[in-house]
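First the structure, in the form of structure tokens, and then the observations on it.
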Amino acid sequence: MKFSTTLACLAATAVLATPAVAEYPERSIELTIPAGAGGGTDTSARKLAIILEEALGQSIAILNVSGSGGSVGATQFMQAKPDGYSLFATWNSPLTTVPQVQNVAYSLDSFTPIASTSETAYTLCVKSDFPATDGAGFLEELAANPGKYTYANDGIGGTMQLAAERIFQSKGIDAVAIPFGGAKESLQNFLGGHVDIYGGSISTVLPHVEAGTAVCPIVTSAADVPALPGASGLAALGMADKETLLWRAILGPKGLDPEIVAKLADVIEVAVNNPDYVAFLATKGEVPNVVKGDALGQRLQNEFDGLAEVSKALGL
Amino acid sequence: MDFYIDALAAVLTLGPLLAMIGATILGVFIGALPGLNPVMAIALLLPLTYSMDPLVALGMVAGIYNGSMYGGAIPSILLRIPGTPASIATTFDGFPMTEKGEASKALKVACWSSAIGGIASAIALMTVGPLLAKVTLLFGPAEYFWIAVFGMASVGVMVGSDPVKGVMSATLGLLIGTMGIDSLSGQARFTFGQTWLLGGLDLIVVLVGLYALPPVLQLAEKSDFKGLSAAALKLQAIPFKSGEIRSFIPTWIRSSGIGIAVGILPGAGGNIAAFLSYNAAKNTARDQDSFGKGNPKGVAAAETGNNADNAASMIPVLALGIPGNVVAALVLSALVIHGLQPGPQLFHQNPVLVGGFMMEMLLTSILIIFLGGALATRVFAQFQRLPGVLLVPSIMILMCVGVYVINGRPIDLWVMFAAGVAGYFLEKVNVPLAPIILGMILGPMAEQSVRRALLISRGDPSELLTRPISATLAIATLLVLIWPIAKSIRKSRAA
């Protein structure tokens with residue numbers, strides 16, 4: 001009798017322990033964001049989480065773990081259990097840029113790519129009284145005055161700095177990089193005139209462009225950006241190959257069940273294309289962009305290799 | 001200003017009103033329980049309100065934020081355990097008042113001062129907010145460097161009787177502050193190969209350990225099985241002397257000003273505001289020696305300062321889209337989720353919502369007067385009736401839960417425990433603990449700012465002194481350093 005009870009218990013435990021993909025998710029999911037509350041990555045992920053909660057029928061708890069360009073959050077997340085209940089909503093930089101300059105404990109193999117969600121370009125902006133406010137003129141002005149101008153960026157060796165330096169290198173421009181704690185701090189110092197050029201995300205500076213205090217001559221994507229009508233894309237300047245984007249994706253820990261990955265990727269694809277979400281992205285100068293599973297892994301690897309070249313050339 | 005009337009009408013509807021009252025009460029509780037803090041509470045609750053009317057969500061933020069800043073004073077006064085980082089300065093005089101049997105008076109002073117600081121700050125936000133936002137922009141890396149140095153100079157006044165121990169303690173804080181990845185070079189410092197140290201030590205984790213554990217251990221030493229009887233607990237209503245309330249007015253005005261000034265600077269925060277206003281109150285008082293021994297003005301200064309920081313810290317986020325602290329960042333994300341864009345256009349986009357949020361900051365400050373006092377004496381003071389053997393484990397459980405929730409890492413519990421044991425022995429040898437926390441906050445701020453300023457000036461240090469605001473701050477720092485020395489020389493001559 002006792003033996004059979006034990007056996008029954010064991011059997012029950014075994015059944016409970018086997019992840020039943022069909023029923024996934026059965027409880028709430030924890031979503032780690034490697035950035036502070038209120039930033040671009042955070043608001044994009046939180047808004048998406050609301051739509052995903054409805055689609056999955058489970059609540060999603062958000063955990064902000066910021067610091068060191070996202071590597072703190074990524075390092076903490078890589079230790080999570082690959083059961084589908086711990087997910088990671090990040091932008092590309094912690095995975096592809098940060099490892100170039102920091103000695104991090106993780107690699108691309110520490111994660112299971114699920115799906116990318118949206119993308120946007122970085123921008124360089126100046127005050128409206130800057131000598132040149134169009135793309136070509138702006139680059140000429142910088143090239144003609146080596147070492148004269150300072151530009152704010154999101155942190156040493158961050159994607160934003162690499163995006164700017166790729167453009168500067170090809171035009172032989174020497175501008176002084178001033179690293180700040182994030183786009184908000186960069187904005188504060190740009191608006192106060194402590195640095196000459198703002199470098200960072202479009203959404204942060206957008207209200208000041210609309211108010212007429214800032215003008216953005218350049219975006220770091222090949223194509224122009226509808227939210228910033230005055231800014232030149234790199235294709236228009238003949239540097240389409242220097243494109244650097246900021247994009248966002250959701251990943252799981254290493255070893256996540258492929259069926260869960262496929263299920264989540266499909267749910268995410270639908271959620272990202274929800275008209276509400278598309279409209280929300282538009283206000284931040286972002287567009288939906290879904291790349292799923294292994295294709296996403298390939299994209300990460302390609303970007304990692306490309307940036308490795310740039311940062312080597314920069315001597316970072 | 002018409003839109004304030006519309007905004008008031010929108011705020012005085014059932015949803016926002018209930019949200020404000022409920023959140024203010026909740027905020028007082030969160031502030032009063034060591035380990036739980038407003039940032040965590042707002043971060044957890046705000047996403048739940050995304051589908052509701054934004055004024056409900058923002059009313060909740062306002063209530064929790066203002067309520068908790070006052071709530072932090074309650075355990076500071078009753079148990080010498082600061083409920084929030086911003087209420088450390090409240091322990092300096094609040095707990096000595098309790099020891100003298102004046103707990104009820106200290107709580108009353110804290111309650112009024114919190115409300116007054118909050119009201120002054122909200123009025124500043126509503127009237128001169130956009131103007132103050134311009135002031136925010138005048139502060140670049142060079143100015144931030146001097147603010148940090150100015151703050152550190154004020155440590156000199158807090159070191160107590162033994163300056164050497166005070167400086168030791170501040171140096172320890174500075175060293176702890178250098179841990180983690182250096183944001184200007186990307187180098188890891190003092191991480192000993194541990195990935196969990198890459199982000200440095202979390203201020204709140206260290207603070208909870210350092211400040212809450214030693215008093216708890218001391219309570220445990222007494223091994224008290226009875227607790228206070230209801231009769232002994234009866235908080236005596238010590239009447240204010242005639243003119244005593246009027247004598248607080250200069251402190252209230254000064255501390256409100258300091259709180260607002262610190263509030264509009266992103267990154268400075270309520271912790272510094274409370275320290276600076278306590279310091280200013282002590283420096284300008286005639287009876288300096290009574291500070292630290294239960295002077296109600298010390299409580300008034302600290303509590304006015306930390307509440308006056310609140311609404312002012314919303315100025316840069318609403319006017320410029322630049323959040324100065326985590327609560328402001330959460331407000332920013334709530335506005336963005338509701339499709340609004342904080343920044344110069346925000347007022348035109350939705351004046352009723354913005355005006356309504358400002359009204360809510362004001363109304364929740366007023367609510368503290370009505371709710372705060374009763375909560376403190378009717379509810380929290382009763383905890384002292386618990387015998388030590390029950391009180392000690394209860395507080396420790398709360399501390400552990402609070403610390404664990406911050407990052408969800410068990411290692412933080414060990415950090416807290418280590419900080420607590422260190423704090424216990426440091427107190428035994430009379431090393432003051434406040435300079436450690438100040439060093440942790442101000443050290444990184446000073447270091448990063450000065451390096452950025454030098455990058456911008458291409459390595460020319462004269463730029464640190466030639467700008468008008470940085471020069472003024474440098475002179476103020478010198479004065480703060482010289483003032484106590486000059487005073488003591490004059491005193492010894494007179495004697």
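The values are calculated or read from the model by the stated rules, or taken from the named source; none is laboratory data. Just so you know, these numbers come straight off a predicted model, no measurement behind them. Every residue, glycine among them, receives a Cβ derived from its backbone with ideal geometry; neighbour counts consider all protein chains shown.
Condition check ((1) aliphatic (A, V, I, L, M); (2) assigned by TED's automatic domain parsing to the domain that holds A:Pro207; (3) farther than 14 Å from A:Cys216 by Cβ; (4) touching a helix residue (DSSP H, G or I) at 6+ places or on another chain (Cβ under 8 Å)) across all residues:
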{"site": "A:Phe130", "(1), (2), (3), (4)": "no, yes, no, yes"}
{"site": "A:Gly137", "(1), (2), (3), (4)": "no, yes, no, no"}
{"site": "A:Leu142", "(1), (2), (3), (4)": "yes, yes, yes, yes"}
{"site": "A:Thr150", "(1), (2), (3), (4)": "no, yes, yes, yes"}
{"site": "A:Gly155", "(1), (2), (3), (4)": "no, yes, yes, yes"}
{"site": "A:Gly158", "(1), (2), (3), (4)": "no, yes, yes, yes"}
{"site": "A:Glu165", "(1), (2), (3), (4)": "no, yes, yes, yes"}
{"site": "A:Gln169", "(1), (2), (3), (4)": "no, yes, yes, yes"}
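Can you tell me which condition B:Met126 does not meet? The list is (1) within 16 Å of B:Thr377 (Cα to Cα); (2) modelled with pLDDT of 85 or more; (3) not basic (Lys, Arg), and all the others hold. That leaves (1) as the condition not met. One residue alone among B:Ser87, B:Ser104, B:Ser154, B:Ser76 is farther than 24 Å from B:Ala261 by Cα, of a type in the set (Ser, Thr, Tyr) and either out of contact with any Ser or Thr (no Cβ under 7 Å at 6 or more places or on another chain) or in contact (Cβ under 8 Å) with a residue 60 or more places away in the chain (or both), and that residue is B:Ser104.
Applying the condition of being over 23 Å from B:Met152 (Cα atoms) and crowded, with 20+ Cβ neighbours inside 10 Å to segment B:173-189 and asking which residue is nearest to the other protein chains (Cβ to nearest Cβ) yields B:Gly186. Of all the criteria given as (1) surrounded by fewer than 24 Cβ atoms within 10 Å (Cβ to Cβ); (2) within 30 Å of B:Ala188 (Cα to Cα), the one not satisfied by A:Ala132 is (2). Considering segment B:113-219, the qualifying helices (runs of 4 or more DSSP H), each wholly inside and each with 3 or more residues that are touching a helix residue (DSSP H, G or I) at 6+ places or on another chain (Cβ under 7 Å) and closer than 25 Å to B:Arg451 by Cβ, run over B:141-153, B:163-177. Looking only at segment A:266-287, which residues are within 11 Å of another protein chain (Cβ to nearest Cβ) and either over 20 Å from the mean Cα position of the chain (by Cα) or surrounded by fewer than 18 Cβ atoms within 10 Å (Cβ to Cβ) (or both)? Hits for segment A:266-287 are A:Asp276, A:Ala279, A:Ala282, A:Thr283.
Residue-by-condition table, conditions (1) assigned to a loop (DSSP other than H, G, I, E, B); (2) not hydrophobic (A, V, I, L, M, F, W, C):
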residue: A:Leu48; (1), (2): no, no
residue: A:Ala61; (1), (2): no, no
residue: A:Asp83; (1), (2): yes, yes
residue: A:Leu95; (1), (2): no, no
residue: A:Gln100; (1), (2): no, yes
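Filtering segment B:112-132 to residues that are under 21 Å from the mean Cα position of the chain (by Cα) and within 14 Å of another protein chain (Cβ to nearest Cβ) leaves only B:Leu132. The set of residues in segment B:368-388 being among the β-branched types (Val, Ile, Thr), surrounded by 16 or more Cβ atoms within 10 Å (Cβ to Cβ) and modelled with pLDDT under 85 consists of B:Thr377 alone. The residues on offer are B:Leu26, B:Leu78, B:Leu45, and the sole one that is within 14 Å of chain A (Cβ to nearest Cβ), closer than 30 Å to B:Val216 by Cα, in a helix (DSSP H, G or I) and not polar (S, T, N, Q) is B:Leu45.
Residues in segment A:295-312 that are away from chain B (no Cβ under 14 Å), in contact with a helix residue (DSSP H, G or I) (Cβ under 7 Å, 6 or more places away or on another chain) and either under 13 Å from A:Arg166 (Cα atoms) or not in a helix (DSSP H, G or I) (or both): A:Leu307, A:Ala308, A:Val310. Among the criteria (1) out of contact with any Lys or Arg (no Cβ under 8 Å at 6 or more places or on another chain); (2) of a type outside the set (Val, Ile, Thr); (3) within 17 Å of B:Ala124 (Cβ to Cβ); (4) in contact (Cβ under 8 Å) with a residue 60 or more places away in the chain, the one B:Arg254 does not fulfil is (4). Counting the residues of segment A:102-111 that are part of a loop (DSSP other than H, G, I, E, B), among the aliphatic types (A, V, I, L, M) and either touching a residue at least 40 places away in the same chain (Cβ under 8 Å) or surrounded by fewer than 20 Cβ atoms within 10 Å (Cβ to Cβ) (or both) gives 1.
All of (1) modelled with pLDDT under 90; (2) within 11 Å of chain B (Cβ to nearest Cβ); (3) on the phi > 0 side of the Ramachandran plot; (4) over 22 Å from the mean Cα position of the chain (by Cα) hold for A:Gly172 with one exception: (2).
Which of the residues spanning segment B:326-364 are surrounded by fewer than 23 Cβ atoms within 10 Å (Cβ to Cβ) and assigned to a loop (DSSP other than H, G, I, E, B)? Hits for segment B:326-364 are B:His338, B:Gly339, B:Leu340, B:Gln341, B:Pro344, B:Gln345, B:Asn350. Of all residues in segment B:277-294, those being assigned to a helix (DSSP H, G or I) and touching a Phe, Trp or Tyr at 6+ places or on another chain (Cβ under 9 Å) number 4.
Here A:Cys125 clears all of (1) closer than 22 Å to A:Ala262 by Cα; (2) touching a Cys at 6+ places or on another chain (Cβ under 7 Å); (3) hydrophobic (A, V, I, L, M, F, W, C) except the condition numbered (1). Of all the residues in segment B:360-417, those that are in contact (Cβ under 8 Å) with a residue 24 or more places away in the chain and either touching a Ser or Thr at 6+ places or on another chain (Cβ under 9 Å) or among the hydrophobic types (A, V, I, L, M, F, W, C) (or both) number 37. Cβ-Cβ distances below 7 Å connect the following pairs, each with a first residue in segment B:190-218 that is at the interface with chain A (Cβ under 10 Å from one of its Cβ atoms) and within 17 Å of A:Ser71 (Cβ to Cβ), a second residue that is crowded, with 17+ Cβ neighbours inside 10 Å and among the basic types (Lys, Arg), and a separation of six or more residues or different chains: B:Trp196/B:Arg409. Note on segment A:135-169: among residues that are surrounded by fewer than 17 Cβ atoms within 10 Å (Cβ to Cβ) and among the charged types (D, E, K, R), the one that is farthest from the other protein chains (Cβ to nearest Cβ) is A:Glu140. The condition of being closer than 22 Å to B:Met359 by Cβ and hydroxyl-bearing (Ser, Thr, Tyr) holds for only one of B:Ser87, B:Ser68, that being B:Ser68.
Yes/no per residue for (1) small (Gly, Ala, Ser); (2) within 29 Å of A:Ala152 (Cα to Cα); (3) not in a helix (DSSP H, G or I):
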| position | (1), (2), (3) |
| --- | --- |
| B:Leu454 | no, yes, no |
| B:Asp460 | no, yes, yes |
| B:Ile469 | no, yes, no |
| B:Val480 | no, no, no |
| B:Pro484 | no, no, no |
| B:Lys487 | no, no, no |
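Inside segment A:62-97, residues that are at the interface with chain B (Cβ under 9 Å from one of its Cβ atoms) and farther than 16 Å from B:Trp196 by Cβ make up a count of 3. If you go through segment B:329-363 and keep only what is more than 10 Å from every other protein chain (Cβ to nearest Cβ) and over 15 Å from B:Leu55 (Cβ atoms), you end up with just B:Phe347.
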